[in-house]
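**Student:** Just passing along the structure, written as structure tokens.
Values in this text are rule-based calculations from the coordinates and carry no lab data. Source: prediction; values computed, not measured. Ideal geometry is used to build each Cβ from the backbone, glycine not excepted, and the neighbour counts take in all protein chains shown.
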């Protein structure tokens, strides 16, 4: 059983929902990511989504786009992402880590280091799952098989516009969890309609056997708690990334820990 599956299984036994924060590797400080990850785990994160910086992140709104631009300007690429995960794993062997990004960096990495290098090096670093935004299920069966052979989970996005057929395709390949994008648009956009989320999740669960996490538009404890009433996991990214960007270096880890601890307390209340 993967670390992600074991985490969700343990949470389900306790009647709790997963809290999944997202941060961009190398932002807001190039050397702070392992420290931030540790702080998130201490604050109550069950899974950590770690963003791989990319120059054209089509699904991301201004906050995460700018975080990626700052990280790229500091020279953060997949080598640095893997190094951050390895550093985190020196002190934490239980919190799952999911890399979230786009196809281009993955394919460039394999082009430079050999076919299969991304999966090999991700597994060696201690990564547990991969979410590639622009890999649709019908085009990545071989990638899914290679990930499974390396004991890594493949996580997909679903959206309000997803058809039942697309959900079935995702359900056939997905493992770990699926990430339901609760809004039409990009990260950090719009107002979350929790009633619409509640109406959509039974459709997803009819086609997908893995837990369902919900993200986009979750900015505070109250919204997170409302989503947790119907979802298996709450994903929070833009608000956290924005908060960290406002912190001096010496305060960034504590800010991450305190913010996530507040969300965790609301979910468990």
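**Student:** Take the Cα radius of gyration of the stretch 3-264 and divide it by 2.2 N^0.38 Å, with N its residue count; two decimals is plenty.
**Tutor:** On the way: Rg = 16.8 Å, N = 262, 2.2 N^0.38 = 18.3 Å.
Relative to the rule-of-thumb radius for its length, the stretch 3-264 sits at 0.92.
**Student:** If you don't mind, another one. Which semi-axis lengths, in whole Å and largest first, follow from the square roots of five times the eigenvalues of the Cα gyration tensor of the stretch 1-48?
**Tutor:** Values: eigenvalues 126, 21, 12 Å².
They are 25, 10, 8 Å, listed largest first.
**Student:** With the alpha-carbon atoms as the only input, what is the per residue convex hull volume for the stretch 90-144 in Å³?
**Tutor:** Output value, Cα hull per residue: 89 Å³.
**Student:** Can you grab the distance from the C-alpha centre of the stretch 242-269 to the C-alpha centre of the stretch 1-75, Å, no decimals?
**Tutor:** One Cα centre to the other: 13 Å.
**Student:** Calculate for the chain the 222 nm mean residue ellipticity that helices alone would give, adding -39,500 (n - 2.57) per DSSP H run of length 4 or more and normalising by residue count, nearest 500 deg cm²/dmol.
**Tutor:** Numbers: 12 runs with 132 residues, N = 269.
That comes out to -15000 deg cm²/dmol.
**Student:** Tell me, what is the percent relative contact order of the chain, built from C-alpha pairs under 8 Å that lie six or more residues apart? Each step should come with its number before you reach the end.
**Tutor:** Values: 498 pairs, mean separation 64.0, N = 269.
Relative contact order, the chain: 24 percent.
**Student:** Only Cα pairs under 8 Å and at least 6 apart count here; give the relative contact order of the stretch 77-207 as a rounded whole percent. Don't jump to the answer; show the numbers that get you there.
**Tutor:** Values: 145 pairs, mean separation 25.7, N = 131.
Relative contact order for the stretch 77-207 comes out at 20 percent.
**Student:** Once you compute Rg and the Kirkwood Rh from C-alpha atoms, what is the Rg to Rh ratio for the stretch 172-269? Each step should come with its number before you reach the end.
**Tutor:** On the way: Rg = 14.5 Å, Rh = 14.4 Å.
Taking Rh as the inverse mean 1/r over Cα pairs, Rg/Rh reads 1.01.
**Student:** Can you put 24, 163 in order, fewest other beta carbons within 10 Å first? Walk me through the numbers before you get to the answer.
**Tutor:** Details: 24 35, 163 11.
In increasing order of surrounding Cβ atoms, one gets 163, 24.
**Student:** What relative contact order, as a whole-number percentage, does the stretch 152-269 give when Cα pairs under 8 Å and 6 or more residues apart are counted?
**Tutor:** Computed over the stretch 152-269, the figure is 23 percent.
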